[in-house]
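As structure tokens, the structure follows; a few thoughts come after it.
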Amino acid sequence: MTAPDAPNQGPRDHAPRVVSMGCRLNTYEGEVMRAHARDAGLSNAIIVNTCAVTKEAERQGLQTLRKLRRENPGAHIVATGCAVQLDPARYAAMPEVDRVLGNEHKMKAESFHAEPAEKVLVSDIMTVRETAEHLVEGFDGRTRAFVQVQQGCDHRCTFCIIPFARGNNRSVPMGRIVQEVRGLVQGGYQEIVITGVDITGYGGDLPGTPSLGQMARRLLMAVPELKRLRLSSLDPAEADEDLFQLIADEPRLMPHFHISAQAGDDMILKRMKRRHSRADIISFCERVRALRPDAVFGADLIAGFPTEDETMFENSLALVDDAGLTLLHVFPYSIRQGTPAARMPQVNGVVIKERAARLRAKGMDAFTRRLAAYVGKSVSVLMEKDGRGHSEHYLPVNIADAAPGSMLTARIVSTTETALVGVI
Ligand code: SF4
């Protein structure tokens, strides 16, 4: 599991609108649904792709559905995504909602052709064995494309509700990944972000059980025109040997690694049922840094997991320096009913908030130090919009008057609080 992208609304006139909440996988699926709705002639559709990773994410989904109905009385509103998969009856009961689609049905074209009578199409996601067949052609308003390589998760971390919303691990066959990436590169995308729920679980369900590293190497060989390949969250306990080899010898694999760390204390990691220890996180970073000295690391960290005391929390704080983390996604622990952690002794809500703020401050400090280290250096930047782009290390870079989609080499002359400032 992984960090959040901003809601993406897409064009406003006579084309299906998609509001994707939560993770990159939702954004990817949002583009699949936009095409399905368009092909079904649902030009007045508004699709809300909900997230269930935290209570707050669920609340935002409900709020968004109500707001969109108020603002668009004539629209055909579709509620879908993880929060819907977990509790379809709740969304079916909403007068604001016209159609309720589960996570399997949202990826099927026929779901958008269904008669209004079939308001609710939700299956038992734990019985789904394959990823749906589809090819995304583009991402509205984005210069980086996300490609799903895997879906679901076989793990059962005690705080996480995602496997119950997305089902078990299912990998996209190699051929389809290559076909999709080739199409996106021919469409002008210079960077592809590999996404899924647990991408280090890639291939476990495929013939010959190819690993993530093997898949990525074959992809880069099959699409030599692809300039940048970026990985999303990695489970440090499951990084394979081929991946380390690729990190060492493939410059098109971006030197930015986001770790699904979750905590920096071994007792808490044990109670989370994570497969790695604190030392595993640190040695993963050290090994990658030895292979790729300029590598930049990000991490997901939860503050206030049940039973966490001050000493345990300080081990998470200290992990930022001990592992050399730069880009933190901090999650205040959010109780998810139905998970084992929900039955553990909870940390006080005020303490959770306070710890999350301290972790974010620690992360901001590390980020600021990392930015300062680039002044005077040159970096390669893929421009997005409003004069902002990202370096290979996934650091934000401001370059005045640079066109979206352009790939530039910029000299870093200064920094702001949130970005490098480059000139070309
Ligand atoms: S169960 Fe664990 S590995 Fe799976 S999605 Fe949740 S946090 Fe990630």
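A few points about this structure:
- Residues of the range 375-420 that are hydroxyl-bearing (Ser, Thr, Tyr), out of contact with any Gly (no Cβ under 9 Å at 6 or more places or on another chain) and buried (at least 19 other Cβ atoms within 10 Å of the Cβ): 415 alone.
- Of everything listed in (1) open to solvent by 10 Å² or more (accessible area, probe 1.4 Å); (2) farther than 30 Å from residue 408 by Cβ; (3) within 22 Å of the chain's Cα centre (by Cα), the single unmet condition for residue 344 is (3).
- Sole residue being under 24 Å from residue 16 (Cβ atoms) and within 16 Å of the ligand (Cβ to nearest atom), chosen from 131, 200: 131
- Of everything in the range 234-275 that is within 16 Å of the ligand (Cβ to nearest atom) and basic (Lys, Arg), the residue that is nearest to residue 202 (Cα to Cα) is 275.
- Restricting attention to the range 45-97, the residues that are of a type outside the set (A, V, I, L, M) and part of a loop (DSSP other than H, G, I, E, B) total 8.
- The criterion of being touching a His at 6+ places or on another chain (Cβ under 8 Å) and in a helix (DSSP H, G or I) holds for residue 35.
- The number of residues in the range 315-356 that are assigned to a loop (DSSP other than H, G, I, E, B) and either among the acidic types (Asp, Glu) or touching a residue at least 12 places away in the same chain (Cβ under 8 Å) (or both) comes to 11.
- Conditions (1) away from the ligand (no atom under 14 Å from the Cβ); (2) surrounded by fewer than 21 Cβ atoms within 10 Å (Cβ to Cβ); (3) within 30 Å of residue 270 (Cα to Cα); (4) modelled with pLDDT of 95 or more: number failed by residue 154: (1)
- Selection of first residues in the range 146-174 that are over 17 Å from residue 32 (Cβ atoms) and of a type in the set (D, E, K, R) and of second residues that are open to solvent by less than 10 Å² (accessible area, probe 1.4 Å) and near the ligand (Cβ under 8 Å from one of its atoms), restricted to Cβ pairs under 9 Å at least 6 apart or on distinct chains, gives the following pairs, ordered by first then second residue: 154/163; 156/163.
- Residue check for residue 362: surrounded by 16 or more Cβ atoms within 10 Å (Cβ to Cβ) and within 24 Å of the chain's Cα centre (by Cα): yes
The values are calculated or read from the model by the stated rules, or taken from the named source; none is laboratory data. Quantities reported herein were computed from a predicted structural model and do not represent experimental measurements. Please note: Cβ atoms are built from the backbone with ideal geometry, for glycine as well, and neighbour counts cover all protein chains shown. In case anyone asks, the SASA skips ligands and DNA or RNA and just uses the protein heavy atoms, side chains included. Shrake-Rupley method; radii C 1.70, N 1.55, O 1.52, S 1.80 Å.
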